[in-house]
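These notes concern the structure reproduced below.
The values are calculated or read from the model by the stated rules, or taken from the named source; none is laboratory data. Note that the structure is a prediction, hence the values are computed from the model and not measured. Positions of Cβ are generated from backbone atoms using ideal geometry, with glycine treated the same way; all protein chains shown enter the neighbour counts.
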Amino acid sequence: MGFDDPIVFPGQPGKSHLHTFFGNTLTDAFSTVDSIAKTGNSKATSDATASASAIRYKCIHGPNDANYGYINSIPKCKTGEILVQEVFFPQCWDGKNLDSANHMSHMAYPSGGSCPATHPVGVPEITFNIEFLVGANDDLGRWRLSSDNYDKSLPGGFSSHGDWFYGWDPKVADAFTINCNRTKRNCHSHLLGDGRYID
């Protein structure tokens, strides 16, 4: 965790709101594509099996992961339950720009299962799936994200967002693209579609 954002405020430690970093363990304000690809360890797993909604939350309880359904703000999960936050990145690219001034407009979400004409190139879906175990002293009615800079009478969690910094090993990315993405096969978490898995 840190008040750094190597995408929006590169080289400026402490300039951003609090971020929780997933994946590379050395991520900070000075991280680059090269440093993420070649240094640090990974603590992340991958699963792109979820739906196309941008952000959602739910409470999971019971032996079969029963849940109350999804909502768009932080729910009041009970003690012992798991609060799940899911962030879904856009799957449609404009085919021209690798970035944009706001770091968003070169990408779009599909509509009705298809990419819009303005963003015709489909890309693999990236998701963040984050779980918090609710403790006996946790009051989820008071939980807010550090970026929730809006009316405090409204529920927390509306400002949830994520950034992606590409740092995959090219051989692993190529295997996933060829065996999973191009064949439209659901390779789940860690699988590369050719009998190998990411360890």
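Key figures
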{"item": "Tabulated pairs, the stretch 4-21, first over 11 Å from F165 (Cβ atoms) and modelled with pLDDT under 85, second assigned to a strand (DSSP E or B) and not polar (S, T, N, Q), C-beta under 8 angstrom, 6+ apart or interchain", "result": "D4/H19; L18/G2; H19/G2; T20/I130"}
{"item": "Output for the stretch 146-169, where each listed residue is at pLDDT 85 or above and touching a helix residue (DSSP H, G or I) at 6+ places or on another chain (Cβ under 9 Å)", "result": "P155, G156"}
{"item": "Options T118, T127; residue that is in contact (Cβ under 8 Å) with a residue 12 or more places away in the chain, surrounded by 15 or more Cβ atoms within 10 Å (Cβ to Cβ) and of a type in the set (S, T, N, Q)", "result": "T127"}
{"item": "Meets criteria (modelled with pLDDT of 85 or more, loosely packed, with under 11 Cβ neighbours inside 10 Å and among the hydroxyl-bearing types (S, T, Y)) for S105", "result": "no"}
{"item": "Top-ranked residue in the stretch 157-171 [being part of a loop (DSSP other than H, G, I, E, B) and more than 14 Å from the chain's Cα centre (by Cα); ranked as surrounded by the most Cβ atoms within 10 Å (Cβ to Cβ)]", "result": "G157"}
{"item": "Among residues of the stretch 108-138, those that are at pLDDT 90 or above, closer than 7 Å to C92 by Cβ and of a type in the set (G, A, S), counted", "result": "1"}
{"item": "Considering residues of the stretch 172-199 that are among the hydrophobic types (A, V, I, L, M, F, W, C) and in a loop (DSSP other than H, G, I, E, B) only, the residue surrounded by the most Cβ atoms within 10 Å (Cβ to Cβ)", "result": "C187"}
{"item": "Complete set of residues in the stretch 5-22 that are β-branched (V, I, T) and either over 20 Å from D99 (Cα atoms) or more than 17 Å from the chain's Cα centre (by Cα) (or both)", "result": "T20"}
{"item": "Residue within the stretch 169-180 that is among the polar types (S, T, N, Q) and more than 29 Å from I74 (Cβ to Cβ) present", "result": "yes"}
{"item": "Candidates T32, T45, T25, filtered to the one that is under 24 Å from Q85 (Cβ atoms), of a type in the set (S, T, Y), at pLDDT 70 or above and within 19 Å of the chain's Cα centre (by Cα)", "result": "T25"}
{"item": "Long-range neighbours under 6 Å by Cβ, at least six apart or interchain, first residue closer than 19 Å to G122 by Cβ and in contact (Cβ under 8 Å) with a residue 12 or more places away in the chain within the stretch 175-193, second assigned to a helix (DSSP H, G or I) and not polar (S, T, N, Q)", "result": "G193/C180"}
{"item": "Failed criterion for L98 (all others in (1) assigned to a loop (DSSP other than H, G, I, E, B); (2) more than 19 Å from the chain's Cα centre (by Cα); (3) over 24 Å from G2 (Cβ atoms) hold)", "result": "(2)"}
